[in-house]
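Have a look at the structure below before the remarks.
The values are calculated or read from the model by the stated rules, or taken from the named source; none is laboratory data. Quantities reported herein were computed from a predicted structural model and do not represent experimental measurements. So basically every Cβ, Gly included, is an ideal-geometry build from the backbone, and we count neighbours across all protein chains shown. Surface areas here come from the heavy atoms of the whole protein model, side chains and all, with no ligands, DNA or RNA. Shrake-Rupley method; radii C 1.70, N 1.55, O 1.52, S 1.80 Å.
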Amino acid sequence: MNKNPYAWIEASLETIHRANWYRSVQTVDSLPGATVLLSGQKVINFASNDYLGLAADERLQSAAIQAIQAFGTGSTGSRLLSGHRQLHRELEQAIASTKQTEDAVVFSSGYLANLGAITALVGKRDLIFSDQYNHSSLKNGAILSAATVMEYPHCDISALTAKLNQERQKYRRCLILTDSVFSMDGDLCPLPELLNLAAEFSCMLLIDEAHATGVMGKMGGGCVEHFGCTGSDLIQIGTLSKALGSLGGYVAGSHHLIDFLRNRAPSWIYTTALSPADTAAALAAMKIVQQEPERRQQLWANVDYLKQLVTENLPNLKILPTESPILCFQLPDAATALTVGQKLKEAGIFAPAIRPPTVPTSRIRITLMAIHEPAHIDKLVQTLCDIFYV
Ligand SMILES: *Cc1c(COP(=O)(O)O)cnc(C)c1O
């Protein structure tokens, strides 16, 4: 047995390359914004989750700087030991106010919020139903919880109902997991129907509002607000790192839920508290989300403008169903998606190719921001025309 035990890694990388699945990082050398410097090249940015354009906002920057000056760069411990600051509490109250829930708790990332909540809520004797297209953090949270996990076909309420009829009574607790805006597609979960099912079968419902908070709903409360379901009994999770332009995650819900998570969510208890700078920036962003609805209006105006231009100029492109600022153009395979992504970049457009294993079918994914100007969107559509109609 003198075989190198690590040799399989190189072989595995070669397989990834051969399938055109290989991925690597690209450097952005500027502030985030509608245009960025990508490895030295100025490009129009359709690859950002900074939907409201807050990640470079001066108010967030100065809140972060002040927090560093007052509280330092690190929070020095977990929340239950030495890491808790009043800023955390203020942020949690601002989140609960936007979500109109009794309370909220912030985690160090959205990923950790999902891992922590799911593992705290269910265990071996329990059942999880998870949408097939859910985010990695929901899927891995489900695995980590040790509950029985069953995936249901994407947004398929009748399939989920059939499985609930078959399986629900064999288990103690049941938890349904879903993205609200599906991150790699842009469509929405059927929330009212899911809430009805959860009530009928005595299931908990956890909804991940990562791409919806600050974006969906008149006040930016997410898909829960968008669907008129504010005040419903459910577990709302999200991130501070997308429309809120900072870093961190949260869970919002009832007093009892949040109090329980503070006692039982391992990824909250055993990790260092969110840094003062991230916390202060997110708090400044929550205030802007509440006080400047015109940012959301501008974002949706941009979405409408792009959809209109695409319908008029690119009738043959297959756009995946979307009700969010995420628009995906489906392409036949990973190699084509890579080529199109590369051509876009050469023309000064940053819009990534998303490929398996992240998604089942390859695509170019566009995200719009409130700070895009009509000329940016015109250039995107013109470039796509040049690529697809030569
Ligand atoms: C981005 C994302 C997360 C993770 O949030 P982070 O704060 O970046 O860890 C979780 N769920 C969904 C649906 C996401 O899109």
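What to note about this one:
- On the stretch given as the stretch 10-61, residues that are within 30 Å of ARG296 (Cβ to Cβ) and not aromatic (Phe, Trp, Tyr) total 30.
- Residue that is nearest to the ligand (Cβ to nearest atom) [pool: residues in the stretch 137-154 that are farther than 14 Å from GLY116 by Cα and open to solvent by 40 Å² or more (accessible area, probe 1.4 Å)]: HIS154
- Residue check, LEU177 over 20 Å from the mean Cα position of the chain (by Cα) and either assigned to a loop (DSSP other than H, G, I, E, B) or modelled with pLDDT of 95 or more (or both): no
- Condition check for ALA117: outside any loop (DSSP other than H, G, I, E, B), more than 14 Å from the ligand (Cβ to nearest atom) and not assigned by TED's automatic domain parsing to the domain that holds GLU373: no
- Within the stretch 185-195, none of the residues are in a helix (DSSP H, G or I), open to solvent by less than 50 Å² (accessible area, probe 1.4 Å), in contact with a helix residue (DSSP H, G or I) (Cβ under 8 Å, 6 or more places away or on another chain) and more than 16 Å from the ligand (Cβ to nearest atom).
- Of residues in the stretch 118-169 being touching a residue at least 60 places away in the same chain (Cβ under 8 Å) and among the polar types (S, T, N, Q), the one farthest from GLU193 (Cα to Cα): THR119
- Within the stretch 100-113, being outside any strand (DSSP E or B) and within 16 Å of the ligand (Cβ to nearest atom) holds for SER108, SER109, GLY110, TYR111, LEU112, ALA113.
- Flag for LEU13 being more than 16 Å from the ligand (Cβ to nearest atom), assigned by TED's automatic domain parsing to the domain that holds ILE364, surrounded by fewer than 18 Cβ atoms within 10 Å (Cβ to Cβ) and outside any loop (DSSP other than H, G, I, E, B): no
- Hits in the stretch 243-256 (condition: more than 9 Å from the ligand (Cβ to nearest atom), touching a residue at least 60 places away in the same chain (Cβ under 8 Å) and outside any loop (DSSP other than H, G, I, E, B)): TYR250, VAL251, ALA252, GLY253, HIS255
- Scanning the stretch 196-234 for residues that are free of Cβ contacts under 8 Å to residues at least 60 places away in the same chain, more than 13 Å from the ligand (Cβ to nearest atom) and within 17 Å of ILE258 (Cβ to Cβ) yields LEU205, SER232, ASP233, LEU234.
- Checked against (1) more than 20 Å from the chain's Cα centre (by Cα); (2) more than 15 Å from LEU191 (Cα to Cα); (3) open to solvent by less than 10 Å² (accessible area, probe 1.4 Å), LEU160 passes all but a single condition, namely (2).
- Test: GLY348 is over 19 Å from the mean Cα position of the chain (by Cα) and at positive phi: yes
- Listed conditions (1) closer than 24 Å to THR279 by Cβ; (2) open to solvent by less than 20 Å² (accessible area, probe 1.4 Å) are all met by LYS242, apart from (2).
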